[in-house]
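What follows is a single structure, written as structure tokens, with notes after it.
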Amino acid sequence: MNELDIKSLYLQELTEKMAELQLPAFRAKQIYEWIHVKLAKSYDDMTNLSKELREKLKEQYPLTVLEEVESLHSESDGTKKYLFRLTDDRVIESVLMKYHHGNSVCISSQVGCKMGCKFCASTIGGLERNLLPSEMLDQIYRIQSLSGERVSNVVIMGTGEPFDNYDNLMRFLHILTDANGLNISARNITVSTCGIPDKIKAFAKEGLPITLALSLHAPNNEIRKQLMPIASRYDLQEVLNAYRYYYDETGRRLTFEYSMVEGLNDEEMHAKELAALIKGMNCHVNLIPVNPIKERNFKKSENKKIQNFKNILEKYRINVTIRREMGADIDAACGQLRKSYMDKL
Ligand code: SAH
């Protein structure tokens, strides 16, 4: 699955491939537009190409699309969850969230995940494979087509660790932000990582002003290790140093995600310790009531405790929000829809 399909090619590369078929550059540009702007599902949609050419392209450069298996719509806030089938029959999930500032799509970067975070449903079956750039793009393309909603924001926060699929992630991001493609502003994109220092530093050098979110979830390494195996591999200070470097290089304000687990990381002393840990960083903390999954017995912190945690951080002048639980009525937690589908097979 590592060979790049036509939807994963840059315009320049597509132009070179089409030149091999004796096609001029303007034809390549038309095809690129059909794929990335008009979101064509098949070569047959490309009505300004001759039938003969369409047949040739079908044969030599198959254009694949994700197939909708199932979708769930939240009555309460309009959130839509999609389950898509890949060409090898594996399934992934993606989410459309409606905010007043625009529509945001949360996409998966891998099929399954090998990071093993204790509270996460996506990692239970391990990593199956990386997603191709086209498969990441198509989650957005299909959601935009199926829902009829224009997507303005993208978060790479679904199943998978994006930095464990670095090259495909970068290709995906370059195509997504390409002025000849869907042209989503890098400033409207967030990549969320469990914290892999060398990848964070490499990402800082890519020249894209993307928001980087770090899944912190703990005020110290000891508690972090209880939730995230990756914390045993990289010390928290090393991760934070890489993270500071990201800010220095890009000037983008940092986001920390902090899932609140009852009795583990939600006490006053944890809030104070967290405030000390991130003191002086230009950052924002997102408190997320942990979403309980049936395979693990973590409970979400009480609202009162979360509010108190927030108040303490604010006393230390830290920007903090409590994440609104979107689509709570439709299997909201990461990877739960996919997991419940797989369990039924
Ligand atoms: N691998 C990346 C992105 C995918 S997870 C990362 O670790 O950031 C996206 C976010 O959802 C992470 O912050 C993750 O820790 C969090 N998450 C996963 N399962 C969760 C759950 N059941 N409740 C609350 N947050 C969860």
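Overview of values
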| quantity | calculated |
| --- | --- |
| Filter pass, residue 205 being surrounded by fewer than 19 Cβ atoms within 10 Å (Cβ to Cβ) and either closer than 26 Å to residue 266 by Cβ or in contact with a strand residue (DSSP E or B) (Cβ under 8 Å, 6 or more places away or on another chain) (or both) | no |
| Top-ranked residue of segment 83-110 - restricted to ones that are touching a strand residue (DSSP E or B) at 6+ places or on another chain (Cβ under 7 Å) and of a type in the set (Val, Ile, Thr), ranked as farthest from the ligand (Cβ to nearest atom) | 91 |
| Evaluation of residue 50 against (1) surrounded by fewer than 17 Cβ atoms within 10 Å (Cβ to Cβ); (2) touching a residue at least 40 places away in the same chain (Cβ under 8 Å); (3) of a type in the set (Gly, Ala, Ser) (one fails), failing number | (2) |
| Any hit, segment 276-292, residues being of a type in the set (D, E, K, R) and either under 17 Å from residue 195 (Cα atoms) or more than 14 Å from the ligand (Cβ to nearest atom) (or both) | yes |
| Check on residue 64, exposed (fewer than 14 other Cβ atoms within 10 Å of the Cβ), part of a loop (DSSP other than H, G, I, E, B) and among the polar types (S, T, N, Q) | no |
| Every residue from segment 111-150 that is under 21 Å from residue 233 (Cα atoms) and near the ligand (Cβ under 9 Å from one of its atoms) | 113, 115, 117, 119, 120, 122, 123 |
| Strands (runs of 3 or more DSSP E) completely within segment 233-345 that count 3 or more residues being of a type in the set (A, V, I, L, M) and either in the same structural domain as residue 75 (by TED's automatic domain parsing) or on the phi > 0 side of the Ramachandran plot (or both) | 283-289 |
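The values are calculated or read from the model by the stated rules, or taken from the named source; none is laboratory data. Predicted, not measured: the structure shown is a model, and the values here were computed from it. Note: ideal-geometry Cβ built from the backbone for every residue, glycine included; neighbour counts use all protein chains shown.
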